[in-house]
1. Six or more apart or on different chains, Cβ atoms under 7 Å: show the pairs whose first residue is in region 1-12 and under 16 Å from residue 40 (Cα atoms) and whose second is part of a helix (DSSP H, G or I).
2. Within region 15-29, count every residue that is free of Cβ contacts under 8 Å to residues at least 24 places away in the same chain, assigned to a helix (DSSP H, G or I) and surrounded by 14 or more Cβ atoms within 10 Å (Cβ to Cβ).
3. Quick check on my filter: what residues within region 33-58 are touching a helix residue (DSSP H, G or I) at 6+ places or on another chain (Cβ under 9 Å) and surrounded by 14 or more Cβ atoms within 10 Å (Cβ to Cβ)?
4. When both residues are 6+ apart or on different chains and their Cβ atoms are under 9 Å apart, which pairs have a first residue that lies in region 41-52 and is in contact (Cβ under 8 Å) with a residue 40 or more places away in the chain and on the phi < 0 side of the Ramachandran plot, and a second that is in a helix (DSSP H, G or I) and surrounded by 12 or more Cβ atoms within 10 Å (Cβ to Cβ)?
5. Just need a number here: residues in region 24-65 that are over 18 Å from the mean Cα position of the chain (by Cα) and modelled with pLDDT under 85.
């Protein structure tokens, strides 16, 4: 469970950095919005899989064993 919490924290930090870089760099507006939307969609999918893993519903992130 601690590993899942750390994974969620890393995802949030990465999305925050992407958001900050999009605002910091002079990226044109349509591309700026597209990058933000894609990063949020990917983050939400990862968070849903992580929460499914915690709840024991199945799914979860694939392991490379």
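The values are calculated or read from the model by the stated rules, or taken from the named source; none is laboratory data. None of these values were measured; they are calculated from a predicted model. Every residue, glycine among them, receives a Cβ derived from its backbone with ideal geometry; neighbour counts consider all protein chains shown.
1. Taking only residues 6 or more apart or on different chains, the pairs are 7/50; 8/47; 8/50; 11/43; 11/46; 11/47.
2. Counting residues in region 15-29 that are free of Cβ contacts under 8 Å to residues at least 24 places away in the same chain, assigned to a helix (DSSP H, G or I) and surrounded by 14 or more Cβ atoms within 10 Å (Cβ to Cβ) gives 3.
3. Correct list: 35, 36, 39, 42, 43, 46, 47, 50, 51, 53.
4. From residues that are in contact (Cβ under 8 Å) with a residue 40 or more places away in the chain and on the phi < 0 side of the Ramachandran plot, the pairs are 50/4; 50/7; 50/8; 50/11.
5. First, the residues of region 24-65 that are over 18 Å from the mean Cα position of the chain (by Cα): 24-31, 55-58, 64-65.
Right, trim to modelled with pLDDT under 85 and you get 27, 55-58, 64-65.
The number of residues fulfilling the criteria is 7.
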